[in-house]
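Peer 1: Sending over a structure as structure tokens; questions will come in a sec.
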Amino acid sequence: SYDFTPLDSSAVYVLSSMARQRRASQS
Amino acid sequence: TPLQNNQPVEFNHAINYVNKIKNRFQGQPEVYKSFLEILHTYQKEQRNAKEAGGNYTPTLTEQQVYAQVAQLFKNQEDLLSEFGQFLPDA
């Protein structure tokens, strides 16, 4: 289980949107 | 949570990565905090650029983000190369 703070969640959000953007620009 | 179904791979990857960083820098919370700050600055810049509709050039480029994280994660090559997998145009 994960012990995530709101700050952690926002980091996850930024990272995953970066990765999505990266995937979109590659396809 | 609503994200549980059909979770994109990017989301899971990001969760695992954030956990890895938290564990690695357990004794150095300031490193993790700096990492979050870099991410949030990048996000803010991206949002500004988007809202300005091309009339605003982000002051923090992907290359600069990568360079800042590289400095932060020195001697943690695995974390840095994994970060490169998230960054657009890395």
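The values are calculated or read from the model by the stated rules, or taken from the named source; none is laboratory data. Computed from a predicted model, the values in this text were never measured in an experiment. For neighbour counting, all protein chains shown are included, and Cβ atoms are generated from backbone atoms with ideal geometry for every residue, glycine included.
Peer 1: Select from region A:1-20 the residues that are facing chain B (nearest Cβ under 7 Å) and either outside any helix (DSSP H, G or I) or modelled with pLDDT under 85 (or both) and list them in ascending order.
Peer 2: A:Y2 - this is the single residue of region A:1-20 that is facing chain B (nearest Cβ under 7 Å) and either outside any helix (DSSP H, G or I) or modelled with pLDDT under 85 (or both).
Peer 1: Let me ask something else. Count, please, the residues in region B:5-30 that happen to be at negative phi and exposed (fewer than 15 other Cβ atoms within 10 Å of the Cβ).
Peer 2: Residues of region B:5-30 at negative phi: B:5, B:7-30.
Retained after the next criterion (residues that are exposed (fewer than 15 other Cβ atoms within 10 Å of the Cβ)): B:5, B:7-9, B:12, B:16, B:20, B:23, B:26-30.
Qualifying residue count, region B:5-30: 13.
Peer 1: Collect the residues in region B:3-48 that are within 18 Å of A:Y13 (Cα to Cα), among the hydrophobic types (A, V, I, L, M, F, W, C) and free of Cβ contacts under 8 Å to residues at least 60 places away in the same chain, keeping them in residue-number order.
Peer 2: Of all residues in region B:3-48, those within 18 Å of A:Y13 (Cα to Cα) come to B:3-22, B:32-48.
Applying the additional criterion that residues be among the hydrophobic types (A, V, I, L, M, F, W, C) yields B:3, B:9, B:11, B:14-15, B:18, B:21, B:35-36, B:38-39.
Residues satisfying the conditions are B:L3, B:V9, B:F11, B:I15, B:V18, B:I21, B:F35, B:L36, B:I38, B:L39.
Peer 1: Kindly indicate whether B:G27 is at pLDDT 90 or above and farther than 14 Å from A:L7 by Cβ.
Peer 2: Yes: the conditions hold for B:G27.
Peer 1: Tell me, please, whether a residue that is part of a helix (DSSP H, G or I), within 14 Å of A:S9 (Cα to Cα) and in contact (Cβ under 8 Å) with a residue 24 or more places away in the chain can be found in region B:50-63. So that I can check it myself, show each step before the final result.
Peer 2: Step one: filter region B:50-63 for residues part of a helix (DSSP H, G or I), giving B:50-51, B:62-63.
Okay, now just the ones that are also within 14 Å of A:S9 (Cα to Cα), so none.
Looking through region B:50-63, none of the residues is part of a helix (DSSP H, G or I), within 14 Å of A:S9 (Cα to Cα) and in contact (Cβ under 8 Å) with a residue 24 or more places away in the chain.
Peer 1: Something else: Looking at (1) among the hydroxyl-bearing types (S, T, Y); (2) out of contact with any helix residue (DSSP H, G or I) (no Cβ under 8 Å at 6 or more places or on another chain); (3) surrounded by 15 or more Cβ atoms within 10 Å (Cβ to Cβ), which is the one condition that is false for B:S81?
Peer 2: That leaves (3) as the condition not met.
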